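Enquirer: Below are the structure tokens for one structure; questions will follow.
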Amino acid sequence: MGAAREQARGPLAGVRVVELAGIGPGPFAAMTLADLGADVVRVERPGGGGLTVSPEHDITNRNKRSVLLDLKAPDGVAAALALVERADVLIEGFRPGVAERLGVGPEVCLERNPRLVYGRMTGWGQDGPLAPRAGHDIGYIAVTGALGMTGPAEGPPVAPANLLGDYAGGSLYLVVGVLAALHHARTPQGAGQVVDAAIVDGTSHLTAMIRGLLAAGGWQDRRAANLLDGGCPFYGTYATSDGGFMAVGALEPKFYAEFVRLLGIEAQAPPRDDVAAWTELRRLIADRFASRPRAEWTEVFQDTDACVAPVLSLTEAPAHPHLAARGTYLEHDGLIQPAPAPRFSATPTRIASGPARPGAHTAEVARDWGVAALAPQAAGGTPEGEHSAP
């Protein structure tokens, strides 16, 4: 086994994962498993796919190894199934039915390896009227009600990049499902199974608390009208004099008292529980924040319990003193990237290798997994009907 793989540690050390290459939530889920110590082999197709970042910058392929197989060729399918026989987990993100047409669907794979956990990552799921349709994060979160909660009261909702659907409602639910199924498969009476991780399901699941509030009458079904969606003046963002922003989350009374004192509006502020006066309170807060630059307000609220923080850009975030002290961001292979999360006391994780280049580990994986059928494949096409993104 390669030196980088030998040095890798984590709670999933010894777990073997086959990832059928795609983009978006599937690769991120596989990266998370790799970060946790699993030996992830990414099966790349000749010619690659669409909408991808350059291989040397694709952080979601860190801690993995890559082989090149043409799943439209019989020898490519045979080699993929040989990997499956030796794997604990398989992850794929094709549209429903594509893996079956390629010859690497759940029935074939579980026949070869009855304890295999077969993880399927899609937007709409494996069944339902929209299952065969293309889609992207924004559409998935739109129909769940989650997108409709974001943004100001007037105008359209604001898409939170693709973090809410693809990664929170998709990748992380796939990881949870895979780990639960893996635990079951390793029990005395356990067996492998299919994990159907649909972004619409995971994102809907994320709204559980809000739906409870809605049912109890504690949440209005419109934007910027509630405690946590910008409707409350002491839970939101405010512009500073230099074009920056500060985030305020002073919900509890004692934290709110500290907030208005440090902001300098303690004497003028109307009672916080007077919802009718929230417009006036919001104006007071906004005017005060607009009087000084972000750096000055950051210093005012630093080391206090007022629950106020500067809104940082992606470029600025790694240098934040708290994140820097914890090593939340690391540099590896010249790339600034988030460190593996969460953290473990007995089985620490690390970034053992940078983004895997397509096909770079074919011989190494053939040796380590004992798959003689692995060999460089001739250039071919993209699997028929594959998602551009689940």
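Enquirer: For the chain, what % of the accessible area comes from carbon and sulfur atoms, probe 1.4 Å?
Expert: The C+S portion of the solvent-accessible surface of the chain is 57 percent.
Enquirer: Would you compute the Debye intensity of the chain from its alpha-carbon atoms alone, equal scatterers and no solvent, and pass along log10 I(q)/I(0) at q = 0.07, 0.11, 0.13, 0.14 Å⁻¹ to two decimals?
Expert: Reported log10 I(q)/I(0), two decimals: -0.40, -0.88, -1.09, -1.20.
Enquirer: For region 68-74, what does the Karplus curve 6.51 cos²θ - 1.76 cosθ + 1.60, with θ = phi - 60°, yield as ³J(HN,Hα) per residue in whole Hz, taken in order and with x for Gly and Pro?
Expert: Computed from phi, the couplings for region 68-74 are 10, 9, 9, 6, 9, 10, x Hz.
Enquirer: Separation between the residue 339 and residue 13 pseudo-spin-labels, each 7 Å from Cα along Cα→Cβ, expressed in nm?
Expert: Label-label distance for residue 339 and residue 13, simple model: 1.9 nm.
Enquirer: Taking the Cα centre of the chain as origin, sum charge times position over the Cβ atoms of Lys and Arg (+1) and Asp and Glu (-1), and report the length of that vector in debye to the nearest 20.
Expert: Dipole about the Cα centre, nearest 20: 480 debye.
Enquirer: Using the basic label-point model (7 angstrom from Cα toward the beta carbon), what is the residue 252 to residue 189 distance in nanometres?
Expert: Result for the modelled spin labels: 4.5 nm.
Enquirer: Sticking with this one: Assign unit charges at the C-beta atoms only (+1 for Lys and Arg, -1 for Asp and Glu), then state the dipole size of region 122-229 relative to its Cα centre in Debye, rounded to the nearest 20.
Expert: I would put it at about 140 debye.
Enquirer: Moving on. Measuring from a point 7 Å past the Cα of residue 313 along Cα-to-C-beta, which residues in region 234-259 have an amide N at less than 19 Å?
Expert: Under cut-off, by backbone N: 238-247.
Enquirer: Another question about this same structure. Give me the distance between the Cα centres of region 221-242 and region 27-48, rounded to whole Å.
Expert: The two parts, judged by their Cα centres, are 39 Å apart.
Enquirer: Moving on to the next point. Residue 261 to residue 239: FRET efficiency via 1/(1 + (r/R0)^6), r the Cβ-Cβ distance, R0 25 Å, to the nearest 0.05?
Expert: Efficiency, from the Cβ-Cβ distance: 0.70.
Enquirer: I've got another one for you. Leaving out ligands and nucleic acids, and using a 1.4 Å probe, what accessible area per residue does region 119-269 come to in Å²?
Expert: 49 Å²
Enquirer: While we're on this one: Which value at 222 nm does the chain reach when only helices count, each DSSP H run of 4 or more adding -39,500 (n - 2.57), with the total divided by all residues and rounded to the nearest 500 deg cm²/dmol?
Expert: -9000 deg cm²/dmol
Enquirer: Sort the following peptides by mean Cβ neighbour count (other Cβ atoms within 10 Å, averaged over residues), highest first: 331-342, 282-293.
Expert: By packing density, highest mean first, the sequence is 282-293, 331-342.
The values are calculated or read from the model by the stated rules, or taken from the named source; none is laboratory data. On a predicted model such as this, the values are computed, not experimentally measured, just so you know. Using ideal geometry, Cβ is built from the backbone for each residue, glycine included, and neighbour counts are taken over all protein chains shown. Surface accessibility is based on the protein's heavy atoms, side chains included, excluding ligands, DNA and RNA. Shrake-Rupley method; radii C 1.70, N 1.55, O 1.52, S 1.80 Å.
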